[in-house]
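Student: Before I ask anything, let me first share the structure, which is written out below as structure tokens.
The values are calculated or read from the model by the stated rules, or taken from the named source; none is laboratory data. These numbers come from a predicted model, not from an experiment. Ideal geometry is used to build each Cβ from the backbone, glycine not excepted, and the neighbour counts take in all protein chains shown.
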Amino acid sequence: MFGTEQKAADCSEREECVAAKAPSRAPDRRVLRTQQLLQTALISLIQEKGYEALSVQDIIDRANVGRATFYAHFDNKEDLLVSRLEGLRASLQARQRQAAQATRTEDRMFAYSRDMFVHVNEHRTVFRSMVGKRSGAVIQHLFHKMLVDLVREDIKAVIPQRAGGATPYDAVVQLIAGGLFGLVLWWVDGQMKVSVEEVDALFRRLAIPAVKAIPMTPPV
């Protein structure tokens, strides 16, 4: 969108622009600081005016950085949003990998769900703005996709035990991920007082027996 000359002129530190665009190098502290500044600006603006209404210009004005600095780190506001969700995805995937060593199916499946509900509860106001009923479709799509990816890995692990049925594997993935997504929206936007332990137990009580009971065709 912008030429390299303009980026170099606008960027406060040329070295930071180069580091941000170099995939083989770990980001240095200046890069991480700038990315966190932009992410914080994004979240505060989402809370104020919603994701759909805000622009890149709004973000760089709030973060007080140059336009070229923004584009040295991110392609657009959706790219910035994805970077914000990646931290949560990484922590849930780490919990999933840890639980994969468990012997019982009940302990392996959806082991990350409580961690997710804890995270949502600790950032309930921000989360309600980001993925609640008043958020944008893009945010909901990205969050739903993260849940689909996590659920797919869990169900893939039990396929050998359940193969042989007529139910498509991915249909079960979509069913469980969609149910979890809806449960999160109901929980963050609802008036009913439900604790982390209660909502997590509710999800597991509904999801695990369903997966164990459905014979599935393995993924292609």
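Student: Would you confirm whether any residue within region 125-144 is surrounded by 15 or more Cβ atoms within 10 Å (Cβ to Cβ), modelled with pLDDT of 90 or more and out of contact with any Lys or Arg (no Cβ under 8 Å at 6 or more places or on another chain)?
Tutor: Yes, that holds for at least one residue.
Student: For the condition among the charged types (D, E, K, R) and closer than 24 Å to GLN35 by Cβ, what is the one hit in ARG89, ARG114?
Tutor: Within the list ARG89, ARG114, the selection yields ARG89.
Student: Are any residues in region 162-190 of a type in the set (Gly, Ala, Ser) and either free of Cβ contacts under 8 Å to residues at least 12 places away in the same chain or in a helix (DSSP H, G or I) (or both), and if so, which ones?
Tutor: ALA171, ALA177, GLY178, GLY179, GLY182, GLY190 - these are the residues of region 162-190 that are of a type in the set (Gly, Ala, Ser) and either free of Cβ contacts under 8 Å to residues at least 12 places away in the same chain or in a helix (DSSP H, G or I) (or both).
Student: Considering each of LEU92, LEU88, LEU45 in turn, give the residue that is closer than 17 Å to MET130 by Cα and either in contact with a His (Cβ under 9 Å, 6 or more places away or on another chain) or among the aromatic types (Phe, Trp, Tyr) (or both).
Tutor: From the options LEU92, LEU88, LEU45, the qualifying one is LEU88.
Student: Could we say that GLN39 is within 19 Å of LYS145 (Cα to Cα) and either under 15 Å from the mean Cα position of the chain (by Cα) or among the aromatic types (Phe, Trp, Tyr) (or both) here?
Tutor: It is false that GLN39 is within 19 Å of LYS145 (Cα to Cα) and either under 15 Å from the mean Cα position of the chain (by Cα) or among the aromatic types (Phe, Trp, Tyr) (or both).
Student: Next question, about the same structure. Which of (1) loosely packed, with under 13 Cβ neighbours inside 10 Å; (2) in a helix (DSSP H, G or I) is the odd one out, the single condition LYS193 does not satisfy?
Tutor: Failing condition for LYS193: (2).
Student: Restricting attention to region 47-57, report how many residues are part of a helix (DSSP H, G or I) and within 20 Å of ARG67 (Cβ to Cβ).
Tutor: 3
Student: Does region 145-154 contain any residue that is touching a residue at least 40 places away in the same chain (Cβ under 8 Å) and within 16 Å of ASN121 (Cβ to Cβ)?
Tutor: For region 145-154, residues touching a residue at least 40 places away in the same chain (Cβ under 8 Å) and within 16 Å of ASN121 (Cβ to Cβ): absent.
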